[in-house]
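Trainee: Starting off with a structure, shown below.
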Amino acid sequence: MDWQFSIITEYAPFFLKGLLLTLLISIIGVLCGTVLGLAVGLGRMSSKLWIRLPFVWYINFFRGTPLLVQLLIIHFGVMPLFMSPPSGIASAAVGLSLNAAAYIAEIFRAGIQSIDKGQTEAGRSLGMTHVQTMRYIIIPQAFKRMIPPLGNEFIVLLKDSSLASLLAAPELLYWGKAAVAQYYRVWEPYLTVALIYLVLTLSLTHLLNYLEKRLDTNDKSKTVKKTLRDAGGVKGNFN
């Protein structure tokens with residue numbers, strides 16, 4: 001196969017611009033999706049049906065329909081109500097945020113429900129409100145358990161950002177398609193784009209694994225210190 005590095009060299013500045021936009025869209029989707037996902041997850045757990053039902057259907061819609069269809073609806077149906085002409089970048093950021101929120105909501109719900117109910121009862125017995133109990137006791141403990149599934153969702157979101165190219169958002173894949181259209185060469189542009197995505201996902205995976213190990217190490221260190229303090233107290237009692 002005749003590999004032409006000149007194509008990659010020529011499009012390197014465009015690939016860099018596309019990479020930065022890909023990261024920007026992904027970060028917006030992660031941040032907004034996490035905040036919205038927490039709100040949706042808490043609403044999904046409400047004991048009142050009239051509060052819970054809209055959040056349930058929100059999750060069902062965004063998890064039960066293809067992301068590409070959602071992006072097209074948002075870009076051609078929703079965004080024209082707010083801007084004319086609609087921006088592919090804005091549509092992609094909104095669509096990824098809304099989609100990620102549905103999955104992150106279920107992650108939050110599962111993480112919160114995995115905490116023993118005695119923790120909630122202990123917080124309420126100390127005079128805390130339900131919001132305070134969730135903020136200071138339940139969510140901090142649940143968050144550590146949610147890091148692996150949240151990390152997987154962030155990686156999926158990073159790869160799904162490539163769909164923004166169909167909305168004419170000049171992200172990474174957009175410039176790969178532009179190079180293919182100009183030179184009628186498939187291997188060089190698409191393999192370069194694939195390699196960049198691979199480096200991004202592997203780097204994010206390594207970072208998440210490091211964070212998970214650090215949190216696990218801190219928890220074990222705290223457990224050992226508590227055990228030593230308890231042992232010292234018991235020894236003192238016997239003396």
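Trainee: Taking Arg185 as the residue in question, decide whether it is surrounded by 13 or more Cβ atoms within 10 Å (Cβ to Cβ), in a loop (DSSP other than H, G, I, E, B), of a type outside the set (A, V, I, L, M) and over 15 Å from the mean Cα position of the chain (by Cα).
Mentor: yes
Trainee: Next question, about the same structure. Here is a list of conditions, (1) under 23 Å from Ser162 (Cβ atoms); (2) out of contact with any His (no Cβ under 7 Å at 6 or more places or on another chain), and Phe82 meets all of them except one; can you say which number that is?
Mentor: (1)
Trainee: Would you pick out the residues in the range 200-214 that are surrounded by fewer than 11 Cβ atoms within 10 Å (Cβ to Cβ) and modelled with pLDDT of 90 or more?
Mentor: Correct list: Ser203, His206.
Trainee: Of the residues Phe82, Phe62, Phe108, which single one is aromatic (Phe, Trp, Tyr) and modelled with pLDDT of 95 or more? Reasoning before the result, please.
Mentor: Working: Phe82 fails: modelled with pLDDT of 95 or more; Phe108 fails: modelled with pLDDT of 95 or more.
Step by step, each of Phe82, Phe62, Phe108 is checked, and only Phe62 is aromatic (Phe, Trp, Tyr) and modelled with pLDDT of 95 or more.
Trainee: Whether any residue in the range 80-93 is without any contact (Cβ under 8 Å) to a residue 24 or more places away in the chain and touching a Lys or Arg at 6+ places or on another chain (Cβ under 6 Å) is what I want to check.
Mentor: No: the range 80-93 contains no residue that is without any contact (Cβ under 8 Å) to a residue 24 or more places away in the chain and touching a Lys or Arg at 6+ places or on another chain (Cβ under 6 Å).
Trainee: Kindly establish whether Asp230 is surrounded by fewer than 13 Cβ atoms within 10 Å (Cβ to Cβ) and either closer than 18 Å to Ser26 by Cα or modelled with pLDDT of 70 or more (or both). Before you say what the answer is, go through the steps one by one.
Mentor: Working: surrounded by fewer than 13 Cβ atoms within 10 Å (Cβ to Cβ): yes; either closer than 18 Å to Ser26 by Cα or modelled with pLDDT of 70 or more (or both): no.
Criteria not met by Asp230.
Trainee: If I ask for residues that are outside any helix (DSSP H, G or I) and more than 23 Å from the chain's Cα centre (by Cα), which ones from the range 47-77 would you list?
Mentor: Residues satisfying the conditions are Ser47, Lys48.
The values are calculated or read from the model by the stated rules, or taken from the named source; none is laboratory data. Because the structure is predicted, anything quoted here is derived from the model rather than measured. FYI the Cβ positions are ideal-geometry reconstructions off the backbone, even for glycines, and counts take in every protein chain you see.
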